[in-house]
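Before any comments, here is the structure.
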Amino acid sequence: MLSLFQYRLPEVHKLLQNKELSVSELTGEAFKNIAALDGRVHAFLTLNEEEAKLTARTLDDKLASGAARGLLFGLPAGIKDNISTKGLRTTCASQFLDNFQPIYDATVMTKLRQADAVTIGKLNMDEFAMGGSNENSSYGPVRNPWDLERVPGGSSGGSAAAVASGEVFFALGSDTGGSIRQPASYCGVVGLKPTYGLVSRFGLVAFASSLDQIGPLTRNVEDSAYVLQAIAGYDPQDSTSAKLAIPDYLGALTGDIQGLRIAVPKEYIGEGVDPAVRESVLAALKVLEGLGAVWEEVSLPHTEYAVAAYYLLASSEASSNLARFDGVRYGVRVDEGGGLLDLYHNSRSRGFGPEVKRRIMLGTYALSSGYYDAYYLKAQKVRTLIKQDFDDVFKNYDVVIGPTAPTTAFKLGSQTEDPLTMYLNDILTIPVSLAGIPAVSVPCGFAEGMPVGLQIIGKEFDETTLLRVAHAYEQHTEHHKARPQL
Amino acid sequence: MSITVKDVQHVAKLARLQLSPEEEAVFTEQMNAILQYAEKLNELDTDHVKPTTHVLHVSNVMREDIVKESVTQEAALLNAPEDEEGQFKVPAVLE
């Protein structure tokens, strides 16, 4: 489908500036595309049509008046459904919150509004962001726009699929162990997980508070830099928000990576990584070499322990965070007359899906008396070792590069019986999450028709280098221009 | 170290979950597989390693104690499954 969303952000803004396009037309295009495609892709859970069109008209008035325009002026945005949108249903793709209407906006939503973006609707995901395939949604899975029989990845699968299929201009997702980068890789879009603390988590429904981070999914790196510029920044409402000056991300896209030092962990291109994925990554490294970068193989020796540490830590935090869903203040309530304790038990059992229950169980076990030291504390110590791996490498290198995921998108239903295999899909994204550092997945080719993602990992709060490298690579390849035939 | 259906029932109680016998059986098997995988961490000597609870270099984030507007009673109750006289309603707690 030929869409207005094939343009880059500055191109769209030029069309708006020259009055060749209105925000209302742009918004209309989003809903038209959704009507045509979403029956097959199933990226959206809730549409915000009435309000979006109203916002569009207001922005068109603003355009006519010549008033100052925000950084994301007029751009149709899809929002992952675990980000609170005041008055707009927010379900976390869970039956538990089927009718939940947030009473306040997440800070990122306030920032999007200040940047003059248009919220088109809420995007499908794995229930409470737990999963890597979108098959854990209470509302049915999202499908991969490149092959409808395959998963879009997860948990921000709706965000990745909506951008890949051209339903929206950009989307926001959240990443706890790879939930932005892995679906971006599977769907052939750009997905950025910022450094922990760069983007406010206020209003993001908490899964694992020490890992969760909101970030953009876009069709190219430049757009990613624009969205990051709009949403990054200190927020007093989030006590883990970093107090620092936000750099000029757009200014960082110079195309110059002469002398850049790249580390390629042998653990990221070794056993378990699909040979076609490895080849795409090695080809990408050649491109970067051609631009004056040098790369060397290094070791991140604790990589193989990351998944185990992550599932203990993330599940522990989840078991605590999800205690708030008790059937009293919001969400599902199942009262069969057995008293308060029964109400808790029944509401939670009815409201949560199997993966959410599994993680609550695992986390409760890991935190329970007698097992805390063996599991939770041990995992926190291993987290330190994983972080040190990166610290050591970054003493001598500017970025770390590898694949985003060991394989391309798999078939729906092919891994649902075995949670452990499913967890291992995240082996290359999880270490980055544990270390709290930023990483971006950019399209770097195809294997049997499915997109492959290149993961570029940076030092903490060094998103500028990350984006500069990703952008330089993108300028010299065509992969990001490929579109699925829907 | 392997866990039994009884352990799973105990953890479910702590987690305020009511599991069906089928769920108990499946979770026992799956949690054993996951915990067995987690045993891998014991290959590492971590006696002298400090735990990482948080990656940010911040602690004790304070703010000025200023009275600000907060959520209204009406808004707080907006999503309540049951409420009465401006309060969340729950089943009787005391017999």
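Between A:S3 and A:K86, the distance separating the two model label sites (each 7 Å from Cα on the Cα→Cβ line) works out to 2.9 nm. Mean partner shielding of peptide A:378-386, defined as the number of other chain Cβ atoms within 10 Å of each residue Cβ, is 6. Couplings for segment A:162-174, taken from phi via the Karplus curve 6.51 cos²θ - 1.76 cosθ + 1.60 with θ = phi - 60°, read 5, 6, 4, 7, x, 7, 9, 7, 8, 9, 9, x, 9 Hz in order; Gly and Pro are left as x. Straight-line cross-link reach from A:K266 at under 24 Å between alpha-carbon atoms covers these lysines, not counting any fewer than eight positions away in the same chain: A:K193, A:K286, A:K381, A:K387, A:K395, A:K459, B:K40. From most to least packed by mean Cβ count within 10 Å, the peptides A:183-192, A:66-75, A:204-213 give A:183-192, A:204-213, A:66-75.
Summarising the amide proton neighbourhood of A:F44: residues at separation of 5 or more, or on other chains, whose placed amide H is nearer than 5 Å comprise A:N124. Under 5 Å from the amide H of A:G121 lie the amide H atoms of A:N48, A:I79, each residue being 5 or more positions distant or on a separate chain, with H modelled from the backbone and absent for Pro and chain starts.
Beta-bridge orientation, segment A:1-148: approximately 50 percent antiparallel, per DSSP, counting only bridges with both partners inside. Averaged over peptide B:8-14, the number of partner chain Cβ atoms lying within 10 Å of each residue's Cβ comes to 5. For segment A:1-38, applying the loop criterion from DSSP together with a ceiling of 16 other beta carbons within 10 Å to the GluC sites (Glu not before Pro) yields A:E20. Taking every residue in B:35-45 and counting other chain Cβ atoms within 10 Å of its Cβ, the average works out to 6. For GluC sites (Glu not before Pro), no site in segment B:1-49 is both called loop by DSSP and has at most 10 other Cβ atoms within 10 Å.
The sum of -39500 (n - 2.57) across all DSSP H runs of n ≥ 4, divided by the residue count of the protein assembly as shown, sets its helix-only mean residue ellipticity at 222 nm to -11000 deg cm²/dmol.
Distances between placed amide hydrogens fall under 5 Å for A:A447 paired with A:V452, all partners being 5 or more residues away or on another chain. Rounded to the nearest 20 debye, the dipole size of chain A about its Cα centre is 660 debye, using +1 on the Cβ of Lys and Arg and -1 on the Cβ of Asp and Glu.
For segment A:377-486, the list of chymotrypsin sites (Phe, Trp or Tyr not before Pro) that fall in a loop by DSSP and count at most 16 other C-beta atoms within 10 angstrom is empty. As a rough guide to protection, the peptides A:256-267, A:141-152, A:41-52 ranked by mean Cβ packing within 10 Å, highest first, stand as A:141-152, A:41-52, A:256-267. Scalar couplings 3J(HN,Hα) for segment A:195-202, obtained by applying the Karplus form with A = 6.51, B = -1.76, C = 1.60 to θ = phi - 60°, are 4, 4, x, 6, 10, 4, 9, 4 Hz; x denotes Gly and Pro. Taking the 1.4 Å solvent-accessible surface of the protein assembly as shown as the whole, the part contributed by carbon and sulfur is 49%. Charged side chains reduced to their Cβ positions (Lys and Arg at +1, Asp and Glu at -1) give segment A:31-124 a dipole of some 180 debye around its Cα centre.
If both residues of a DSSP beta bridge must be in chain A, then about 65% of such bridges are antiparallel. Per-residue Karplus couplings for segment A:230-240, computed as 6.51 cos²θ - 1.76 cosθ + 1.60 with θ equal to phi - 60°, are listed in order as 6, 9, 6, x, 4, 9, x, 6, 10, 5, 9 Hz, Gly and Pro entered as x.
The values are calculated or read from the model by the stated rules, or taken from the named source; none is laboratory data. Just so we're clear, the structure is a prediction, and the values are computed from it rather than from any experiment. With ideal geometry, Cβ positions are generated from the backbone for all residues, glycine too; neighbour counts draw on all protein chains shown. Surface areas here come from the heavy atoms of the whole protein model, side chains and all, with no ligands, DNA or RNA. Shrake-Rupley method; radii C 1.70, N 1.55, O 1.52, S 1.80 Å.
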